[in-house]
Amino acid sequence: MDRQTLLVRRGIAAGAGLLVLILLVFGVRGCLNARKEQAIKDYVRDVGALVQESDQQSRQLFQLLSGSSGGREQAVDIENTLNGYRIQSDQLVDRARDTDHPGDVDQAQRYLLETLEFRRDGLARIADALPQALGDQERRQGTDKVTADMQLFLTSDVVYSQRFVPNLNTVLKDQDLSGEVRVPNSQFLPDIQWLQPSFVAQRVGRIRTGGGGRAASPGLHGDGLGTVSLGGQALSPGSSASIPLTGDLAFDVQVLNQGENTETDVEVRITVGKGSDAIDLNETIDSIARGETKTVKVPLKEKPPTGQNVPITVEVAAVPGEKKTDNNKQTYSAIFTS
């Protein structure tokens, strides 16, 4: 065999070896990519299971806080149930922390943990605050604590929707998995009304008094609407008051107990404007004794339209056993000026 032929054969062998090496590299890379893609898919699946359980905790919590259970004798059971949710949410955080995940989703994983930690903390704090809200002393302080704790649920929803979901979607897009895998939605706080103390007080009141339909004690029941002023200026039916807009503008609503019983959790509702742009306000009086008159202050937290007649409706919600409600509601008008 001459030298030239030997060199040709060596070149062919080297080329074949290089080809095998290239195929091997691509094969290994393909396997690694496939494993990474599967790991990401598995992670999204695990996330789905975790947030599904978290959302179930939300449904159970807000059903409980909506007062669907009966009487005060069940308050201890409700507190025990909340403590159970506290334990479950803590275990959910531990499971999320131990979830296997590829390095590509490290940032998303941190946001997921933050989401579930906020929800765990919210459940724990509500479990601590609810006994005071259900008690006979300093109920308003307890209700305010429960309301403040709702901010943790809102924060968890913001972290999940504005941090976790976009971050994980970016990973899916980079791996060409957007069409195959969908990031699950999750929302813990069902309605922003739970951020309003009066709304929470109303719902907690249902737990304390036995659900949405508490039994009325014997005797006459009834509250009436007294004088109403806005920013210190009295409002009168049939005339339009001129009200300068200020940062601390508030209604002062007089409520009269015209019955023979002490009434609790009396709600005052105010609507400023009409239609979809109307401003809805409410406040709750914890307790008003028979024959007593109380004035409740209701801040005007939003800015109504200026330079035009704006209808204002003020109503004292009927209490259990109240049959005559024709003096519970009145309509006024105001022109707001800058």
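The values are calculated or read from the model by the stated rules, or taken from the named source; none is laboratory data. These numbers were taken from a predicted model, which means no experiment stands behind them. All Cβ positions, glycine included, derive from the backbone under ideal geometry; neighbour counts span all protein chains shown.
Only one entry in ILE192, ILE207, ILE243 is in contact with a Phe, Trp or Tyr (Cβ under 6 Å, 6 or more places away or on another chain) and either closer than 28 Å to LYS297 by Cβ or modelled with pLDDT under 95 (or both), namely ILE243. From the list ASP277, ASP252, the one residue that fits, being at pLDDT below 90 and either surrounded by 15 or more Cβ atoms within 10 Å (Cβ to Cβ) or not assigned by TED's automatic domain parsing to the domain that holds PRO197 (or both), is ASP277.
Of all the listed residues (LEU92, LEU152, LEU112), the sole one being within 20 Å of the chain's Cα centre (by Cα), under 22 Å from ILE192 (Cβ atoms), surrounded by 15 or more Cβ atoms within 10 Å (Cβ to Cβ) and in the same structural domain as LEU64 (by TED's automatic domain parsing) is LEU152.
Do you know which residues across region 128-150 are polar (S, T, N, Q) and in a helix (DSSP H, G or I)?
Answer for region 128-150, where residues must be polar (S, T, N, Q) and in a helix (DSSP H, G or I): GLN132, GLN141, THR143, THR147.
Evaluation of THR262 against the conditions (1) out of contact with any Asp or Glu (no Cβ under 8 Å at 6 or more places or on another chain); (2) over 30 Å from LEU220 (Cβ atoms) shows that the sole unmet condition is (2).
Kindly indicate whether any position in region 182-193 is surrounded by fewer than 21 Cβ atoms within 10 Å (Cβ to Cβ), in contact with a Gly (Cβ under 8 Å, 6 or more places away or on another chain) and in contact (Cβ under 8 Å) with a residue 24 or more places away in the chain. For region 182-193, residues surrounded by fewer than 21 Cβ atoms within 10 Å (Cβ to Cβ), in contact with a Gly (Cβ under 8 Å, 6 or more places away or on another chain) and in contact (Cβ under 8 Å) with a residue 24 or more places away in the chain: present. Of all the criteria given as (1) more than 17 Å from the chain's Cα centre (by Cα); (2) in a helix (DSSP H, G or I); (3) under 16 Å from TYR160 (Cβ atoms); (4) hydroxyl-bearing (Ser, Thr, Tyr), the one not satisfied by THR81 is (3).
Across region 99-112, a minimum of one residue is classified as at pLDDT 90 or above and either farther than 29 Å from ASN167 by Cα or β-branched (Val, Ile, Thr) (or both). Considering only residues in region 131-141 that are in contact (Cβ under 8 Å) with a residue 60 or more places away in the chain and out of contact with any strand residue (DSSP E or B) (no Cβ under 9 Å at 6 or more places or on another chain), the one that is nearest to ARG119 (Cα to Cα) turns out to be ALA133. Mind checking which pairs have a first residue in region 298-317 that is touching a residue at least 24 places away in the same chain (Cβ under 8 Å) and surrounded by fewer than 14 Cβ atoms within 10 Å (Cβ to Cβ) and a second that is among the polar types (S, T, N, Q) and outside any strand (DSSP E or B), Cβ under 6 Å, 6 or more apart or different chains? Between residues of region 298-317 that are touching a residue at least 24 places away in the same chain (Cβ under 8 Å) and surrounded by fewer than 14 Cβ atoms within 10 Å (Cβ to Cβ) and residues that are among the polar types (S, T, N, Q) and outside any strand (DSSP E or B), the close pairs are THR306/SER338.
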